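What follows is calculated from the coordinates using simple rules that are stated; it is not laboratory data. If you're wondering where the values come from, they're calculated on a predicted model, not measured in any experiment. Neighbour counts run over all protein chains shown; Cβ positions are idealised from the backbone, glycine included.
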């Protein structure tokens, strides 16, 4: 199997790339963010653990997670962020394992290929799931600008910077990548890089995940 670990920094364009790969190359995309949201659905064991640790104020009136409240905790406290991630990441890994089993058992005319979209691929130590790692890159100024466009006035400049700094430095991710996608110019240029990377199998390596 070819498992592309797609990552980068916050607001660098990971979703743009994963959407393009799904739309143009018909690849399944396994989105860690979606699985992370599923992990904290109302009445889930993970959400119960969060409430036990932080109290009922972490819940909205309908019983769902107050994400801004949790974000305020984890983006300003490394210990708490790591604790929360330790609750969620096993759930995400289980979904990847199920997807790998399904992909392996699905008849395919060529090499079965999937995209693992994982913002914290390095930070969560999930690189063992990928046969190659793609990092989407842009400048810090572009990251901040895109976050401002995305969140408007809901985040202060300090909160935006805290979110950027909560992740591994983008330069370090690029050094560890098999493929670096530059998303600092046009979408057409980014898509051309995706096409070249898809058609290039020289970056493939062993996948060491345990099923």
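Starting from the Kirkwood radius over alpha-carbon pairs of the chain, derive D by Stokes-Einstein at 10 °C in a medium of 1.306 mPa s and give it in µm² s⁻¹.
It comes out at roughly 87 µm²/s.
Ranking request for peptides 148-161, 8-21: highest mean number of other beta-carbon atoms within 10 Å first, then the rest in descending order.
Ranking, from highest mean packing down: 8-21, 148-161.
Using the Kirkwood formula on the Cα atoms of segment 114-197, what hydrodynamic radius do you get, in angstrom to one decimal?
Evaluated on segment 114-197, it is 14.2 Å.
Please report 194, 174 as a ranked list, fewest other C-beta atoms within 10 angstrom at the top and most at the bottom.
With the sparsest Cβ surroundings first, the list reads 174, 194.
Give the relative contact order (percent, whole number) for the chain; include only Cα pairs under 8 Å separated by 6+ residues.
Rounded, it is 36 percent for the chain.
Of 35, 54, 191, which is the most mobile in a GNM of the chain whose springs link Cα atoms less than 10 angstrom apart?
Residue with maximal mean-square fluctuation among 35, 54, 191: 54.
Which angle between 0 and 90 degrees, to the nearest 10, do you get for helix 14-25 versus the longest principal axis of the chain when only C-alpha atoms count?
Orientation of helix 14-25: about 40 degrees from the principal axis.
So how far, in whole Å, is the C-alpha centre of segment 154-193 from the one of segment 1-79?
Segment 154-193 and segment 1-79 have Cα centres spaced 18 Å from each other.
Determine, at each q value in 0.09, 0.16 (inverse angstroms), the log₁₀ of I(q)/I(0) that the Debye formula gives when each Cα of segment 2-126 is one equal point scatterer.
-0.31, -0.86
Restricting to the chain, what percent of DSSP beta bridges are antiparallel, rounded to 5?
5 percent
Normalised by the residues of segment 1-125, what does the relative contact order come to in percent, with Cα pairs under 8 Å and at least six apart?
With pairs under 8 Å counted, the relative contact order is 51 percent.
Could the peptides 179-189, 116-126 be put in order, highest first, of the mean number of other beta-carbon atoms found within 10 Å of their residues?
Taking the mean over residues of other Cβ atoms within 10 Å, the ranking is 116-126, 179-189.
Could you give the angle, 0 to 90 degrees to the nearest 10, between helix 187-198's Cα long axis and the longest principal axis of the Cα atoms of the chain?
Once rounded, the angle reads 60 degrees.
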